[in-house]
Every structure is written in structure tokens, then in C-alpha cells.
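So the structure is just underneath, and the comments pick up after that.
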Amino acid sequence: MAKNFILIVAASLCLTLSSGQVKPDDAKIDYIIQLINKKESRLLLAEMADSCRIGNLPPLDNAGVLPQILANFSPIVDYRIADRERQANGDLRIHVASTYASGRKGNPTLTFNDDLKLVNLGIVHRREVAEPEQALKKALVQATRPDTVRIPFKLKDNLIYVPAVLNGKDGFFMFDNGAPVLILQGKYVPTQNINSNIAVDFTGVGGAMQDIKWSTGNSLSLGGMQLDGFDAPVSTSGDMDVGNVAIFGLMGAGIYDDYQITFDYKNQELFLEKVGEEGDLTGFSFNHGAPKGKAALTLKRHIPIVDLEIAGKVVPLGIDCGANANLLKTEMANQIQSAIAYLNEQVSIAGAGALPQSSQTANLKQAKVAGLLLQDMYTVFTDQAIGAGAGEHALPIEGLLGAPFLNQYKVTLNYNKGEIVFY
């Protein structure tokens, strides 16, 4: 009798275990898909648990929204069960590889609880929108960043390239304070790091950028700085490489948000010195020499702005080390005629997000800043929108100062102190 009792208990236990792992059969899946295709919201609601979510949407009144969702849903004309995935809580997620009437391929999911009720009807997916600046700030909190950083750079066509290691590969970034954050080139980001479920709406100085995706889990080493596991936008169009030299993308202003930065074009070095909220240095200071002049600096969005005196007129201009020429709005030409020496050439310019445009070139003469007389500066007059943005987000500038301005002196920008110093 004892033996029979043991067998009965064992059989009962097996029955209990198997009933706890109930799986919807193919007929159940087919029934759900038929209801979706026929837009039978009432019958489909009966198959859904009270707590059922629709895709990654927030909790909603399913009875109210399901008819609207189904009304816009393209019928599934062919499908196969691609995978059955048991969740940690015991729910079963079924991946359905589908072909829609529109010809599009898709992979909706149906997630069931042990009562064979739907707890997630994965037929719609709302794309999250990335926040590049917040993502970089989050990464910097966890990063290793010394109080002072000295970075040698190379010049190519008057643009700054800094050595770095991205995702284990040696190469360079183009240093560009006209970009707010790091923008990576797609060819140097592993495919598994790309998250296509996150949308990126990104604007550079030249306007909205196209073909931008979102990446996660990147690593970066730069001049003693170390960022691990950071997220960043990825450009999938164009190629920035210089010959056989890998150019990883743009290194924007956000990377040195709480540093003052010094540009030394003559010796091809960048100096970063960490500052407090009032702009005072918090650690060791590099010896930059005796200052020759200082001027007020304002910051709008991520662009530093300084006033230049040109032909007796005060002109607010943004500073952009990612520009190898100065840019001025064409409409400014009539106001500063005496300071313009036109050159017999046209050039095509394009910034991040802007289409190439033919523009007139000139030497800008007799400009002054902080009481210092500047040498003639190669300048392009353009009708292209400079600064992007509208209303309160528009940059209050008449153009951009690039390498022809920055390479005349050793220049320190201290955003927190609101000061630009020339050495």
C-alpha cells in the first residue's frame, strides 16, 4: 500500500506541474489572429486579462482604444510561430513572424498567463524618443574624469582631430563645440549596440540632422577620461574618415560641460580645467601665460557668443571650432562694407543638417575683440540658416567664428564665468 501511495502522489505532482505550464495551442494563436484581422474588438477583449497591456503603451482603457488600434491595423496574411519565450513570472511570450496585407514584415508578440489570457497584445509599438544631452550627462556622472586634461590634437583643413579609443578601436574624433554631444559614425558602432526602437530628433548648428539612430553600451577613452556603457546618437550617412585614419564622429561641447577649455592652435593642444558653478578652477591650473585681453562671453544653448567690433559696428557672433572658416549672414555685408575684401571665388558649405550651398568668400579686415586688433580672417557670406531654432530657441548671432578667429591667439572659454581670455 505504501508503494501505491507513493506512485499516486508522484502522479499527482506531475499533473500539478504540467497544469502550471499550460501552453496555448496553435488553434488558440490562430483564433487570436483571426480576431485581430476581423477587427473583432469585443471578442478579443474577452481573451484579454483585465490588466492586459497593448504593446509598450501605458495602461489604457482597452475597451476604448482597442477598436481604434484594430481599425488601423493591416491584416496578417501569413504567419509562423518563431519563438516561445517563458518569462521570469511564468507568462509565456509567443513571437509571431508575420507578413501583412501591405507586404510589410513584422514580429508581433502574444503574451499569455497560466489562465491562457492575454497579458500583453504586442501588435503596436510606440517608439521612445532619445534625449542625447541627458544621456551624456548621465554617462559623465559615472565617468572617470581628471580635474585637468591635456589633449594633443592634429589639424586637417583647419579642423581639430583628437585621438581617442572608441569601443576598443584607436582613431580620432573631430572636436566640434557646434555639436552639443558626442555623435558617433555608424561604421564604428557594433550592430548589437543599435536600438532601432528609440527615435532620435537631432539638430546641429546647420539644422535638423538626418539618418540618425540611437546606440547603447559604448565605451570611450580620451586623454585620461573614461566613459563606459554610454548611449549616444549615431549618424548612418556619410563617411568622415581621412584616408586610412578612422574618424569616429563629432565630439561635442557636452563632453567638457564643467570644464573651461583652452585652444592652442600653435602648439596643437587642448587644455581642459574643471571649474565650479562660478567658473573658478577646482584643481591644478595650466600655465597659459599672461592674458592679452578679456571679453564677456554668453552661452545660448551650447554655443558661446562674443561681440566683435567690425567697421564700427558691434556684431554678436557664435564660436564654433567645427568651422574651418568664419560664416556671416549675407544681410550683414551692407552694414560692414568697409571691412570686406571680397575674393574671386565661390565655395560650397554645409554644416550638420544643412544642404550644400554656394556662397561668396572674403577677407574680413580690421575686426576687434577685447581691444585686440585681429588679423584678416577668411570669411564666407551665406544665406544658409545659421544656428537653427526659432523664437526663444534661435541663436542671437549674425554668424560664426571658426578657426580663422581661434587660431590667432591661445583662447580660453569659461562658460560658467562668462569670459573669453586671449593669451
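Would you pick out the residues in region 186-210 that are at pLDDT below 75 and surrounded by 13 or more Cβ atoms within 10 Å (Cβ to Cβ)? Quick ask: steps written out before the conclusion?
Going through region 186-210, the residues at pLDDT below 75 turn out to be 201-210.
Across region 186-210, the qualifying residues are PHE202, THR203, GLY204, VAL205, GLY206, GLY207, ALA208, MET209.
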Qualifying residues in region 113-165 (those that are within 25 Å of the chain's Cα centre (by Cα) and among the hydroxyl-bearing types (Ser, Thr, Tyr)) - the one modelled with the highest pLDDT:
TYR161
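Considering region 268-312 alone, what residues qualify as being charged (D, E, K, R) and surrounded by 13 or more Cβ atoms within 10 Å (Cβ to Cβ)? Can you show your working first?
So the first thing to find is which residues in region 268-312 are charged (D, E, K, R), and the list is 269, 273-274, 277-278, 280, 292, 294, 300-301, 307, 309.
Listed by number, the residues that qualify are GLU269, GLU273, LYS274, LYS292, LYS294, LYS300, ARG301, ASP307, GLU309.
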Find all pairs meeting these conditions: Cβ atoms under 9 angstrom apart; at least six residues apart or on different chains; first residue within region 78-95 and outside any strand (DSSP E or B); second residue surrounded by fewer than 11 Cβ atoms within 10 Å (Cβ to Cβ) and modelled with pLDDT under 95.
GLY90/GLY20; GLY90/GLN21
For region 254-274, indicate whether the set of residues that are outside the structural domain of ALA394 (by TED's automatic domain parsing), over 20 Å from PHE173 (Cβ atoms) and among the small types (Gly, Ala, Ser) is non-empty.
no
One residue is enough: does region 29-38 have a residue meeting the conditions closer than 19 Å to ASN120 by Cβ and modelled with pLDDT under 90?
no
In region 235-264, what residues are surrounded by fewer than 19 Cβ atoms within 10 Å (Cβ to Cβ) and either farther than 25 Å from ALA135 by Cβ or not aliphatic (A, V, I, L, M) (or both)?
THR236, SER237, GLY238, ASP239, ASP241, VAL242, GLY243, ASN244, VAL245, ASP257, ASP258
Would you be able to say whether some residue in region 74-82 is touching a Lys or Arg at 6+ places or on another chain (Cβ under 8 Å) and not aromatic (Phe, Trp, Tyr)?
yes
In region 36-50, is there at least one residue being within 21 Å of ASN197 (Cβ to Cβ), free of Cβ contacts under 8 Å to residues at least 24 places away in the same chain and outside the structural domain of ASN197 (by TED's automatic domain parsing)?
no
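The values are calculated or read from the model by the stated rules, or taken from the named source; none is laboratory data. Being a predicted model, the structure only gives us computed values, none of them experimental. All Cβ positions, even for glycine, are placed from backbone atoms using ideal geometry, and neighbour counts span all protein chains on display.
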